[in-house]
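The block underneath contains the structure these notes are about, expressed in structure tokens.
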Amino acid sequence: MSVDPSGKQNDPEHGHPHPKHELSYHAKRIYAIRELLLEKKVITREDIQTQVEYQEARSPANGAKLVARAWADPKFKARLLADPKAACAEMGIDATSLNEFVVLENTEKVRHMVVCTLCSCYPRPILGRPPDWYKSLNYRARAVNDPRGVMREFGQELGADVEVRVHDSTADIRYLVLPLRPSGTDGFSEQDLAKLVTRDSMIGVVDALPAIPGAPKNS
Amino acid sequence: MNESSGRFKPGDRVRVRAEDRPGHIRTPFYIRGKIGWVERVHGEFRNPESLAYGRDGLPKRPLYLVGFHQAEVWDKYAAPKDKLFIDIYEHWLDPA
């Protein structure tokens, strides 16, 4: 979606024609609400623009930075597990909008997986907006009663000796999974480690990406 | 976080209330009536059942991380070690 940085309503054609799209019922409704809020001076166009930029700025890259640092620095990992919000602040990630934030550490014997069966609770400051599948009824139902089946669909088969712990985030707590550091990543820079940390690995439906054999260790 | 605020402590066995009523509820239907244990005391939070209607959510309610054995939640759940954890407010829990 492109956004006019000035926040003003410009000439819709601005010099060249655009295809005409009929807005959906919900789109019309939200625009009507926006115009009312502006007209009644509840919010300004600048407020909307600031919020759009804030929402867009939050992405799984934040989470990947946290995970890569935790992999590279055991002391940081201890701080991340003990006080996740303070660890975020240390990395310049604003997690203050989260009421409570808990990091779940995966091990060889334990894998965590996060769902919100009631709606779509998600650690947005750390991971951005949730993917559509996270909000789907299918995921929300099956994450709790067949987590291994869900993981299998994401390409991960877990052995019977591994314990799966599903977290249904129903209240004020937001959860982030700290995936296992892939083997073969000794000597990787934090930047290279972060490339292995996918959004899905921080929701817990799969492990982080494997290190590609022969890839340069430092970039 | 206030570890001593609620009536339950980590390790206590609890049963989720099997109530049903209209309105905004944060206790998933599938877990009502099930027995688990308090894994962690999260602290006290405004009550979403009141916040959802524009009220103040006060008094704050203790919130717990409650653990369940998957095999005790679902019929035919195969992996015996697997667990489920849910954040549940104190007024939805009874001693078990």
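Bear in mind that the values in this text are calculations on the coordinates, not laboratory data. Computed from a predicted model, the values in this text were never measured in an experiment. Cβ coordinates were reconstructed from backbone atoms using ideal geometry, including for glycine residues, and neighbour counts include every protein chain displayed.
Helix A:60-72 sits at what angle to the longest principal axis of chain A, using alpha carbons and giving 0 to 90 degrees rounded to 10?
Taking the Cα atoms of chain A, the angle to A:60-72 is about 20 degrees.
If each residue's Cβ is checked for other Cβ atoms within 10 Å, how do B:LYS9, B:LYS81 rank with the fewest at the top?
With the fewest neighbours first, B:LYS9, B:LYS81 line up as B:LYS9, B:LYS81.
Using a basic spin-label model with each label point 7 Å from the Cα along Cα→Cβ, how many nm lie between B:LYS60 and A:ARG129?
3.2
Hey, fewest Cβ within 10 Å first, where do A:CYS119, A:CYS88 land in order?
On the way: A:CYS119 11, A:CYS88 25.
Fewest to most other Cβ atoms nearby, the residues stand as A:CYS119, A:CYS88.
Over the Cα atoms, compute the radius of gyration (one decimal) and Dmax (the largest Cα-Cα distance, rounded to a whole number) for region A:1-130, in Å.
Both quantities, over Cα of region A:1-130: 20.1, 61 Å.
Once label points are set 7 Å from the Cα along Cα→Cβ at both B:SER50 and A:LYS40, what is their separation, rounded to one decimal in nm?
My value for the distance between the label points is 2.5 nm.
Which pairs in the list B:LYS9/B:LYS60; A:LYS77/A:LYS195; A:LYS75/A:LYS135 are over 25 Å apart, alpha-carbon to alpha-carbon?
On the way: B:LYS9/B:LYS60 17 Å; A:LYS77/A:LYS195 18 Å; A:LYS75/A:LYS135 34 Å.
From the list (B:LYS9/B:LYS60; A:LYS77/A:LYS195; A:LYS75/A:LYS135), the Cα-Cα distance tops 25 Å for A:LYS75/A:LYS135.
What percentages make up the Cα-Cα pair-distance distribution of the protein assembly as shown when the bins are 20 Å wide from 0?
Taking all Cα pairs of the protein assembly as shown, the binned fractions are 27, 53, 19, 1 percent.
So if R0 is 35 Å, what FRET efficiency would B:ALA78 and A:CYS119 give, r being the distance between their Cβ atoms, rounded to the nearest 0.05?
That gives a FRET efficiency of 0.80.
Return the inverse of the average 1/r over all pairs of distinct C-alpha atoms in chain B, which is the Kirkwood hydrodynamic radius, in Å to one decimal.
14.0
Across region A:80-219, how large is the tail of the calculated P(r) beyond 26 Å, expressed as a percent of all Cα pairs?
25
For B:GLU39, A:GLU46, A:GLU22, what's the fewest-to-most ordering of other Cβ within 10 Å of each Cβ? Spell out each step's value before the answer.
Details: B:GLU39 17, A:GLU46 10, A:GLU22 6.
Ordered from fewest to most neighbouring Cβ atoms within 10 Å, B:GLU39, A:GLU46, A:GLU22 come out as A:GLU22, A:GLU46, B:GLU39.
Mind listing the long-range amide H neighbours of A:LEU104? Cut-off is under 5 Å, sequence gap 5 or more, other chains count too, H placed in the peptide plane at 1.01 Å from N.
A:LEU176, A:VAL177, A:LEU178
Run through the DSSP bridge list for the protein assembly as shown and note the antiparallel percent, rounded to the nearest 5.
Working: 20 of 36 bridges.
For the protein assembly as shown, the DSSP antiparallel bridge percentage is about 55.
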